[in-house]
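Participant: Have a look at this one.
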Amino acid sequence: MKLRFLIVKHAATSCANVIANYLDLEHLDMHDNLASCEVLSESERAACFTLTSRVGPFRFRNVHYYEFRPPNQIVNVVKSPLGPMKVVSTVREIDADTPGVRCEVDVETELDLPAALRPLGALLVRLLRRVNRRVLEEDREILERRQRLLGGSIEDYLRDGQFLLFKETFREHFSRRAP
Ligand SMILES: [Fe+2]
């Protein structure tokens with residue numbers, strides 16, 4: 001049984017900043033319900049990592065397959081205890097390169113729930129929506145604060161010693177500095 005739901009998030013910032021936030025695994029500790037991320041493998045635009053999530057009283061250490069589809073999409077497939085879950089985030093930038101730049105992000109979740117858990121489907125969707133909305137709201141605060149302080153610049157993410165997934169692919173698409 002496949003459960004699907006969509007969350008549309010908004011943030012007053014650029015597409016580059018939204019994507020950088022997705023690729024910056026170091027900021028995950030700022031989320032109350034996420035911790036202990038460990039990257040197991042990484043190529044130019046795909047990676048595998050483990051991440052601990054807290055949902056209510058439960059802790060799950062999940063394996064994530066993470067893919068950047070430049071310039072504006074992130075695919076996250078999770079081997080979760082509830083079954084395989086796929087989350088596709090697609091960013092649409094509005095009024096690019098103006099002071100009013102902002103983004104709409106479609107976050108589409110698909111959970112392939114085992115038959116035994118079907119009666120819990122509606123409850124699980126409510127719980128996952130609540131957890132996702134909380135993370136998205138925390139990210140919106142980070143993104144809008146960055147936009148106020150740094151404008152659209154993402155060059156700090158590209159400094160030596162700063163960890164960012166798929167750093168060179170991100171640089172190709174979003175850096176405004178000459179190589
Ligand atoms: Fe975040």
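The values are calculated or read from the model by the stated rules, or taken from the named source; none is laboratory data. Remember, it's a predicted structure, so these values are computed and weren't measured experimentally. Cβ coordinates were reconstructed from backbone atoms using ideal geometry, including for glycine residues, and neighbour counts include every protein chain displayed.
Participant: Might you check whether a residue that is surrounded by 12 or more Cβ atoms within 10 Å (Cβ to Cβ), aliphatic (A, V, I, L, M), assigned to a strand (DSSP E or B) and in contact (Cβ under 8 Å) with a residue 24 or more places away in the chain occurs anywhere in the stretch 71-79?
Facilitator: Taking every residue of the stretch 71-79 in turn, at least one turns out to be surrounded by 12 or more Cβ atoms within 10 Å (Cβ to Cβ), aliphatic (A, V, I, L, M), assigned to a strand (DSSP E or B) and in contact (Cβ under 8 Å) with a residue 24 or more places away in the chain.
Participant: Filter the stretch 139-166 down to residues that are within 14 Å of the ligand (Cβ to nearest atom) and over 23 Å from TYR65 (Cβ atoms), then give me how many there are.
Facilitator: 7
Participant: Going by what's in this entry, would PHE68 be described as surrounded by 19 or more Cβ atoms within 10 Å (Cβ to Cβ) and in contact (Cβ under 8 Å) with a residue 24 or more places away in the chain?
Facilitator: Criteria met by PHE68.
Participant: Here is a follow-up. Looking at the stretch 137-148, is at least one residue among the hydrophobic types (A, V, I, L, M, F, W, C) and either in a strand (DSSP E or B) or within 21 Å of VAL55 (Cα to Cα) (or both)?
Facilitator: no
Participant: So, one more: For the stretch 13-38, enumerate the residues that are more than 10 Å from the ligand (Cβ to nearest atom) and buried (at least 16 other Cβ atoms within 10 Å of the Cβ).
Facilitator: THR13, SER14, CYS15, ALA16, ASN17, VAL18, ILE19, ALA20, LEU23 - these are the residues of the stretch 13-38 that are more than 10 Å from the ligand (Cβ to nearest atom) and buried (at least 16 other Cβ atoms within 10 Å of the Cβ).
Participant: Looking only at the stretch 39-61, filter to residues that are among the basic types (Lys, Arg) and assigned to a strand (DSSP E or B); which one of those is nearest to the ligand (Cβ to nearest atom)?
Facilitator: If we take residues in the stretch 39-61 being among the basic types (Lys, Arg) and assigned to a strand (DSSP E or B), then ARG54 is nearest to the ligand (Cβ to nearest atom).
Participant: Can you pull out every residue in the stretch 80-107 that is free of Cβ contacts under 8 Å to residues at least 60 places away in the same chain and among the hydrophobic types (A, V, I, L, M, F, W, C)?
Facilitator: LEU82, MET85, VAL87, VAL88, ILE94
Participant: Tally up the residues in the stretch 11-29 that are under 29 Å from LEU113 (Cα atoms) and modelled with pLDDT under 95, please.
Facilitator: The total comes to 3.
Participant: From the list SER36, SER80, SER43, which residue is of a type in the set (S, T, N, Q) and either modelled with pLDDT of 95 or more or closer than 18 Å to ASN17 by Cα (or both)?
Facilitator: Answer to the selection: SER43.
Participant: What number of residues in the stretch 160-179 are out of contact with any helix residue (DSSP H, G or I) (no Cβ under 7 Å at 6 or more places or on another chain) and either modelled with pLDDT of 95 or more or of a type in the set (Asp, Glu) (or both)?
Facilitator: 5
Participant: Report every pair of residues separated by at least 6 positions or lying on different chains whose Cβ atoms are under 9 Å apart, first residue within the stretch 108-119 and closer than 14 Å to ASN76 by Cα and of a type outside the set (Ser, Thr, Tyr), second assigned to a helix (DSSP H, G or I) and modelled with pLDDT under 95.
Facilitator: LEU111/GLY121; LEU111/LEU124; LEU111/VAL125; LEU111/LEU128
Participant: Considering only the stretch 109-120, I want to know if a residue exists there that is closer than 19 Å to LEU3 by Cα and acidic (Asp, Glu).
Facilitator: yes
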